[in-house]
Amino acid sequence: MSGSTAGEGSVSGAAVVVTGASPGIGAACARELARAGYTVFAGRRDVPAAGAATPTGPGAVVPLALDVTDDESVALALETVERRLAPGGRLVGLVNNAGTVVIGPAELLSMQDLREQYEVNVVGAVRASQAFLPALRRSGGRVVNMGSLTGRVSFPFAGPYSSSKAALAAMTHAMRRELAPLGVRVALVEPGNVRTGIWDKHIRSVEALLERSQPEARRLYERALRADVEMVRGLRTGGADPQSVARAVLHAVDSENPRSRYPVGLDARIFSVLLRFVPSSVSDRLVARFMGLR
């Protein structure tokens, strides 16, 4: 911590929990933090609760059974981390990366899907933070929440995902101001287009929605949803490397002076500036043209 690197020996005995550490951004964050010398507890829902023991120590990535939507799972994950910390070790960071994506027009959304979107992306981040904050207060540690460019600009049919990220951003700002007097720093990382499996999830979500939709709903929305899928097929071949997001997360955990927000990727940086000045009528036309809807 304190702006130092593992090469200076400053992070010895320091651990970080990463939620949603599946392939993509979460796994990249785990690797980057481990390379910096942290013990990383990589939380995933598909890790057996009673998995084989894994050595801990500087640079280790330790699989951790963690489902942020389940109170018992989060409590057991906390017990596991505290039990497996090296003697004298301390938890210095929590990276709330776990997330899911629900896509569809508001008129057709399943309320169950909408609740799941918020349960994972917003409630799950708060649930994990509540569990690990006592340890983070003791260490003067960090909370890093994984937001998104779409928390600033909402594209058609991405309302569930975008609104969940906007809610997480608002929660992050509140937490930052609440926890600063208690010695815990809080940051928001806001990636733009990143090469991960989220685009495949996006496409599957649209296809599932169309499959279960009634004929009238398909008549109203199918053309636009097909255009959305074609746009996403193009996006998933480009975008930033997940490692660029991981480097921002490392800075938020490790720097003496972390920033409050980390836009990652050229698109995220451009939008974060443009949206302050461009009227909604103009941005609406630009988004529609970008998606092939005009």
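Odds and ends about this structure:
- Checked across region 59-66, the condition of being assigned to a loop (DSSP other than H, G, I, E, B) and at pLDDT below 95 holds for at least one residue.
- Counted residues, region 148-178 - those being part of a loop (DSSP other than H, G, I, E, B) and touching a Phe, Trp or Tyr at 6+ places or on another chain (Cβ under 9 Å): 6
- Residue ID - nearest to F155 (Cα to Cα), chosen from residues in region 192-216 that are surrounded by 17 or more Cβ atoms within 10 Å (Cβ to Cβ) and of a type in the set (G, A, S): G192
- When residues of region 166-191 are limited to those that are of a type in the set (G, A, S) and at negative phi, the one surrounded by the most Cβ atoms within 10 Å (Cβ to Cβ): A187
- Residue selected from region 67-84 under the condition free of Cβ contacts under 8 Å to residues at least 40 places away in the same chain and not in a helix (DSSP H, G or I), by the criterion nearest to A246 (Cα to Cα): D67
Here is a yes/no grid of residues against (1) surrounded by fewer than 16 Cβ atoms within 10 Å (Cβ to Cβ); (2) modelled with pLDDT of 75 or more; (3) in contact with a strand residue (DSSP E or B) (Cβ under 6 Å, 6 or more places away or on another chain); (4) part of a loop (DSSP other than H, G, I, E, B):
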position: V249; (1), (2), (3), (4): no, yes, yes, no
position: V253; (1), (2), (3), (4): no, yes, yes, no
position: E256; (1), (2), (3), (4): yes, yes, no, yes
position: R269; (1), (2), (3), (4): yes, no, yes, no
position: V273; (1), (2), (3), (4): yes, no, no, no
position: R276; (1), (2), (3), (4): yes, no, no, yes
position: L286; (1), (2), (3), (4): yes, no, no, no
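- Check on V126, assigned to a loop (DSSP other than H, G, I, E, B) and within 19 Å of the chain's Cα centre (by Cα): no
- The lone exception for A167 - which of (1) of a type in the set (G, A, S); (2) touching an Asp or Glu at 6+ places or on another chain (Cβ under 8 Å); (3) farther than 21 Å from A21 by Cβ it fails: (2)
- Residue within region 48-64 that is crowded, with 22+ Cβ neighbours inside 10 Å and under 28 Å from R204 (Cβ atoms) present: yes
- Out of R115, R137, R142, one residue alone is crowded, with 23+ Cβ neighbours inside 10 Å and modelled with pLDDT of 95 or more. It is R142.
The values are calculated or read from the model by the stated rules, or taken from the named source; none is laboratory data. No experiment lies behind these values; they were computed from the predicted model shown. Quick reminder, even Gly has a Cβ in these numbers, built from the backbone with ideal geometry, and neighbours come from all protein chains shown.
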